[in-house]
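A.B. asks: What follows is a structure written as structure tokens; I'll ask about it next.
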Amino acid sequence: MGEGAKRTFLGSVGMLIGAHVSIAGGLPNAVARGIELECDSIQIFNQSSRAWKPHNHSDEAVAEFCEGIESSRVGPVLIHAVYLINAASLEHEVRTKSLEALKAALELGDRIGAAGVVLHPGSQKQQDYEQCMKAAGEAIRECLAETEHCPLLLEDTAGAGGTLGRDLSELARLVELGGEDERIGLCLDSCHLLASGFEVRERKALSEVVDELELKIGLDRLRALHVNDSQMPLGSNRDRHASLGEGELGNRGLRVFLSEPRFEGLPAVLETPGPGQSGTGPDLAEVRKAKRLRREGLRNRKRTGDRA
Ligand SMILES: [Zn+2]
Ligand SMILES: [Zn+2]
């Protein structure tokens, strides 16, 4: 996959709904899982999400993965960087490991032509806020300088315990501190938005959030969505994903989110816990449900015009 593949999906209309899938057994298996779930986009971890140890993907595995993507309905691929990364840390060891892990994710992104590496921008912990913001910016610059072209997508957070990226001003600042490189983009998560106090369940309110994004950061930086329901209420600052329709967004809120006109063309992946909160991740029924909710949302908008 290269520039050509990227253009195809950016130019297309619709929303590329898919899911986070496992790479257990090797990269190519992720494509098979994506096809099974009728995904139009997928997200993977490049290595175990809760360990530092990098995973070496062989050239054969990468080639097989790319061929699989090319010949399937699966379009853009997102890589989620591991959770342990804290690009805002001022501690030497955490910082070194974080930069290495982030670079490893971007390098795989370069090799597979990923639409982006999704990163939680970092956590302040007990450290100085300004210094942490600057450290995150420097980490972004350094990792971009040492890798080729894979975009780096900063994900908005639920705002718990000093996590950076809890609102659009803070994300705008991080883009700026990262050098405003055109590879820097955003990934918005419906659950995190709601938890950090954004009313994304109502058309007008959601539209205002996108207006703010357009004004402060620019719509061209919005490159991906995470579609999750939220176990926790608006403004709770707690990050607990729920299956679609079973949380605070509910079917009604998700219809609105999934049919927002300025989200057209974006990859939108589910990171839900799976049937009965099993932790196995989204299944085919849930991916289909997301597509149905989007269709219903579009129909509602058409029927009622500007009225919410
Ligand atoms: Zn997410
Ligand atoms: Zn989350």
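Every number in this text was worked out from the coordinates using simple rules, so none of it is lab data. For clarity, every value in this text was computed on a predicted model and none was experimentally measured. With ideal geometry, Cβ positions are generated from the backbone for all residues, glycine too; neighbour counts draw on all protein chains shown.
A.B. asks: What number, in percent, do you get for the relative contact order of region 3-302 if the mean sequence gap of Cα pairs under 8 Å and at least 6 apart is divided by its residue count?
C.D. replies: With pairs under 8 Å counted, the relative contact order is 17 percent.
A.B. asks: Moving on to the next point. For Asn29, what charge total do you get from the other residues with a beta carbon under 12 Å from its beta carbon, if Lys and Arg give +1 and Asp and Glu give -1?
C.D. replies: -1
A.B. asks: While we're on this one: Using the crude model of +1 on Lys and Arg Cβ and -1 on Asp and Glu Cβ, and no other charge, please compute the dipole size for the chain relative to its Cα centre, in debye to 20.
C.D. replies: I would put it at about 1240 debye.
A.B. asks: Okay, next question. Are there any GluC sites (Glu not before Pro) in region 145-191 that are in a DSSP loop and have at most 15 other Cβ atoms within 10 Å? List them by number.
C.D. replies: For GluC sites (Glu not before Pro) across region 145-191 that sit outside H, G, I, E and B with at most 15 neighbouring Cβ atoms in 10 Å, the list reads Glu146, Glu148, Glu180, Glu182.
A.B. asks: Around Lys53, with a cut-off of 12 angstrom between Cβ atoms, what is the net charge of the other residues, counting Lys and Arg +1 and Asp and Glu -1?
C.D. replies: +1
A.B. asks: Put +1 on the Cβ of every Lys and Arg and -1 on every Asp and Glu Cβ in the chain; which of Phe198, Thr147, Ser98 then has its Cα farthest towards the positive end of the dipole?
C.D. replies: Value: Phe198.
A.B. asks: So, one more: With r as the distance between the Cβ atoms of Ser58 and Glu199 and R0 = 45 Å, compute the FRET efficiency 1/(1 + (r/R0)^6) and round to 0.05.
C.D. replies: Here the calculated transfer efficiency is 0.45.
A.B. asks: I need the GluC sites (Glu not before Pro) found in region 67-143, filtered to DSSP loop residues with at most 14 other beta carbons within 10 Å of theirs.
C.D. replies: Glu91
A.B. asks: Quick one: if you stick a label point 7 Å off each Cα along the C-beta vector at Glu180 and Leu234, how many nm between them?
C.D. replies: Computed distance between label sites Glu180 and Leu234 equals 3.4 nm.
A.B. asks: Another question, if that's okay. Could you give the length gained by full extension between Glu67 and Ser49, i.e. 0.36 nm per residue of separation minus their alpha carbon distance, to one decimal place?
C.D. replies: Here the segment from Glu67 to Ser49 would lengthen by 4.0 nm.
A.B. asks: Select from region 279-308 those trypsin sites (Lys or Arg not before Pro) which occupy a DSSP coil region and have at most 12 other Cβ atoms within 10 Å, ordered by residue number.
C.D. replies: Those satisfying the criteria are Arg307.
A.B. asks: What does the extension gain come out to for Gln126 and Arg303, with contour length at 0.36 nm per residue minus their alpha carbon separation?
C.D. replies: 58.7 nm
A.B. asks: Using R₀ = 22 Å, calculate the FRET efficiency as 1/(1 + (r/R₀)^6) where r is the Cβ-Cβ separation of Lys216 and Ala160; round to 0.05.
C.D. replies: According to the calculation, E is roughly 0.50.
A.B. asks: For the chain, which semi-axes, largest first and in whole Å, follow from the square roots of 5 times the eigenvalues of its Cα gyration tensor?
C.D. replies: 27, 24, 18
A.B. asks: While we're on this one: Please identify the helices of the chain, taking whole runs of DSSP H, that span at least 18 Å along their own axis as judged from the Cα atoms and have a mean Kyte-Doolittle score of 0.5 or higher.
C.D. replies: none
A.B. asks: A follow-up question, please. Could you please report the charge total around Pro273, scoring K, R as +1 and D, E as -1 over all other residues with beta-carbon less than 12 angstrom from its beta-carbon?
C.D. replies: Net of charged neighbours comes to -4.
A.B. asks: To continue, here is another question. Per DSSP H run of at least 4 residues, take -39500 (n - 2.57); add these up for the chain, divide by its residues and hand me the 222 nm value, nearest 500 deg cm²/dmol.
C.D. replies: Calculated at 222 nm, the ellipticity per residue is -13000 deg cm²/dmol.
A.B. asks: Can you grab the distance from the C-alpha centre of region 93-159 to the C-alpha centre of region 211-244, Å, no decimals?
C.D. replies: Taking the Cα centre of each part, region 93-159 and region 211-244 sit 19 Å apart.
A.B. asks: For the chain, give me the percentage of DSSP beta bridges that are antiparallel, rounded to the nearest 5 percent.
C.D. replies: Percent antiparallel among DSSP bridges in the chain is about 10.
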